[in-house]
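K.L.:
Below you will find the structure I want to go over with you.
The values are calculated or read from the model by the stated rules, or taken from the named source; none is laboratory data. None of these values were measured; they are calculated from a predicted model. Note: ideal-geometry Cβ built from the backbone for every residue, glycine included; neighbour counts use all protein chains shown.
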Amino acid sequence: MRRSMLFLPGNNPNMLINGNCLGADAVIFDLEDAVSPAEKDAARILVRNTMRYMDFRGCEIIVRINSIDTPYWKADLDAVLPYKPNLILLPKTGTASDALGVDAYMAQVEARTGLEQGSIGLMPLIETAMGVENAFSIASCSKRVKALFLGAEDLTADLQCKRTKEGREIEYARTRLVVAARAAGVDVYDTPFTDVNDDEGVVKDASYAKALGFTGKASISPRHVEVINQVFSPSLKDITYAYEVVEAIAQAKAQGKGAISLHGKMIDAPIVARAERTIAMAEALGLGKEERHE
């Protein structure tokens, strides 16, 4: 389960070694924007050693490498892939060929180091107009692609518009990525809310992202992690209704009925599928029938 993803600068040892204590479902070790060119080599070594020696059990590890238009990305992959991160985050993915080029090099490193082919996933970061327009082809270009991730800061710069808290300027990109990812059968993650002091704003922004269909949301601040986890976890009402749906369907089958209503509404296959996903997530979080929460 990956509700929250927390960015950690690859050149900050204190944040890296404490990453598994900050509550996020996944941490993103950042070798790109957070690291100046003069510190790329040192950050790469620090991230590699953190992965090698630290126990991140229960917390996924994602590494944001440098983009393919830089001289750094292959060295990034050479350093981190042997330590089996869950995902590689590829910035500024504009076309399927961008993702496929990285996919091919990852396969080379896997073969060279004895790793199972395709065992490490790829998450393209969509942060350009070209990437938004090519979202489906990127999401469906390889089995290695596990999710899409929207990056609004670079995207709005590319669109030549102002980035706002309300996010009207990224509505099209958000919905386009959700549709593309779901059509391709992969997850999709929303851009961070960048005002670390606006507690009300992050709740509103995360709730809107969930309503659009995002799987989860990234954060640049540990302060936002708990809120994001809460928003993207099923509520008491969600869990209770999901169990009612499953119980109603079981009852209908026992009675030989082809359809049944619940609270005055007919229960059909999409409602059952949604209920089953809710229950699976609740149980993964330890929120079964006996431990439901508000």
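K.L.:
Taking the condition of being hydroxyl-bearing (Ser, Thr, Tyr), under 19 Å from residue 187 (Cα atoms) and in contact with a Pro (Cβ under 8 Å, 6 or more places away or on another chain), how many residues in the range 74-125 meet it?
P.N.:
Counting residues in the range 74-125 that are hydroxyl-bearing (Ser, Thr, Tyr), under 19 Å from residue 187 (Cα atoms) and in contact with a Pro (Cβ under 8 Å, 6 or more places away or on another chain) gives 1.
K.L.:
Scan the range 249-262 residue by residue and report those that are more than 34 Å from the chain's Cα centre (by Cα) and either outside any helix (DSSP H, G or I) or within 17 Å of residue 239 (Cα to Cα) (or both). Full working, then the answer.
P.N.:
Our first condition is that a residue be more than 34 Å from the chain's Cα centre (by Cα); within the range 249-262, this holds for 251-261.
Within the range 249-262, 255, 256, 257, 258, 259, 260, 261 meet the criteria.
K.L.:
Please pick out the residue among 62, 88 that is touching a residue at least 60 places away in the same chain (Cβ under 8 Å) and β-branched (Val, Ile, Thr). Don't jump to the end; show me each part of the working.
P.N.:
Working: 88 fails: touching a residue at least 60 places away in the same chain (Cβ under 8 Å).
62 is the lone residue from the list that is touching a residue at least 60 places away in the same chain (Cβ under 8 Å) and β-branched (Val, Ile, Thr).
K.L.:
Let me ask something else. Mind telling me which of the residues 279, 228 ends up being in contact with a strand residue (DSSP E or B) (Cβ under 6 Å, 6 or more places away or on another chain), of a type outside the set (Lys, Arg) and on the phi < 0 side of the Ramachandran plot?
P.N.:
Values: 279 fails: in contact with a strand residue (DSSP E or B) (Cβ under 6 Å, 6 or more places away or on another chain).
None of the other options fit; the residue is 228.
K.L.:
Of all residues in the range 22-53, which are exposed (fewer than 13 other Cβ atoms within 10 Å of the Cβ) and either free of Cβ contacts under 8 Å to residues at least 24 places away in the same chain or in a loop (DSSP other than H, G, I, E, B) (or both)?
P.N.:
If the condition is that a residue be exposed (fewer than 13 other Cβ atoms within 10 Å of the Cβ) and either free of Cβ contacts under 8 Å to residues at least 24 places away in the same chain or in a loop (DSSP other than H, G, I, E, B) (or both), then 36, 37, 38, 53 are the ones that fit.
K.L.:
On to the next question. When the range 178-221 is examined, which residues are found to be surrounded by fewer than 20 Cβ atoms within 10 Å (Cβ to Cβ) and of a type in the set (S, T, N, Q)?
P.N.:
Within the range 178-221, 194, 197, 207, 221 qualify.
K.L.:
Take the residues in the range 272-294 that are more than 24 Å from the chain's Cα centre (by Cα) and either surrounded by 16 or more Cβ atoms within 10 Å (Cβ to Cβ) or in a helix (DSSP H, G or I) (or both); name whichever of them is modelled with the highest pLDDT.
P.N.:
Ranking the candidates gives 272 first.
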